[in-house]
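Below is one structure; the comments refer to it alone.
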Amino acid sequence: MPPTNPIIQLLRGVELFQGLPPIVITEIARRAMPVAYRPGERLVHTGDRVDGSVLIRSGQAVCSRGDGAVSGEVLAPGSLIHEMGMFVEMESGATIIARTKVTALALSRQMMLSFLEEEPRCCDHFNMKISARVASIAAELRKIDQSLALHSSDPLALRIR
């Protein structure tokens, strides 16, 4: 058995790509662009236009607030930054800074959309994964809303209870 490509292994570990056929993962790995960041270098800045995703291969990055303070969230190898940026135009909601030397893969929107034009059967896979993520976020927001309503003195919130 030939040795497994570490980029393919990395992609297989990302929830968004899990369940794709091996040949599809191999093709995405082939098209991904390697990038590197020095410690302290920004991977992305709040408000930047996002043209794809960044998948950390090695090293660590941290989320930073607008004032430059680190939030404490550490992004380790296998972290996919701005996954939706591969499919739609968006702005970054966070500043991500390399804590150590970071090697990563850039998965551009242009590359992914071109790939999906060639392999339209993969659209269903990504649609299902993204729909499940949105449903999970919606459920979490409903829980938060219910929790807030229980502790609110707002008359409208009290009627919702």
Checking VAL62, VAL102 in turn, the sole residue that is closer than 22 Å to ASN5 by Cβ and of a type outside the set (S, T, N, Q) turns out to be VAL102
Members of the stretch 112-137 that are more than 18 Å from GLU83 (Cα to Cα) and without any contact (Cβ under 8 Å) to a residue 40 or more places away in the chain: GLU117, GLU118, PRO120, ARG121
Tell me whether the stretch 92-108 contains one or more residues that are among the charged types (D, E, K, R), in contact (Cβ under 8 Å) with a residue 12 or more places away in the chain and either out of contact with any Asp or Glu (no Cβ under 7 Å at 6 or more places or on another chain) or surrounded by 12 or more Cβ atoms within 10 Å (Cβ to Cβ) (or both). yes
Answer from VAL44, VAL70 - the residue that is more than 19 Å from LEU113 (Cβ to Cβ), at pLDDT below 95 and in contact with a Lys or Arg (Cβ under 9 Å, 6 or more places away or on another chain): VAL70
Among the residues of the stretch 70-89, write down those that are more than 9 Å from the chain's Cα centre (by Cα), outside any strand (DSSP E or B) and farther than 13 Å from LEU105 by Cα. ALA76, PHE87, VAL88, GLU89
The residue from ARG65, ARG38 that alone is modelled with pLDDT of 95 or more and farther than 25 Å from LEU116 by Cβ is ARG38
Give me the pairs, please: first residue somewhere in the stretch 58-86 and among the basic types (Lys, Arg), second residue anywhere and exposed (fewer than 12 other Cβ atoms within 10 Å of the Cβ) and modelled with pLDDT under 95, beta-carbon distance under 7 Å, and either six or more positions apart or on two chains. ARG65/SER71
Need the failing condition index for ILE25 against (1) without any contact (Cβ under 8 Å) to a residue 60 or more places away in the chain; (2) surrounded by fewer than 20 Cβ atoms within 10 Å (Cβ to Cβ); (3) β-branched (Val, Ile, Thr), just the number. (2)
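The values are calculated or read from the model by the stated rules, or taken from the named source; none is laboratory data. Just so you know, these numbers come straight off a predicted model, no measurement behind them. Counting neighbours? That spans all protein chains shown, and the Cβs are built from the backbone with ideal geometry, glycine included.
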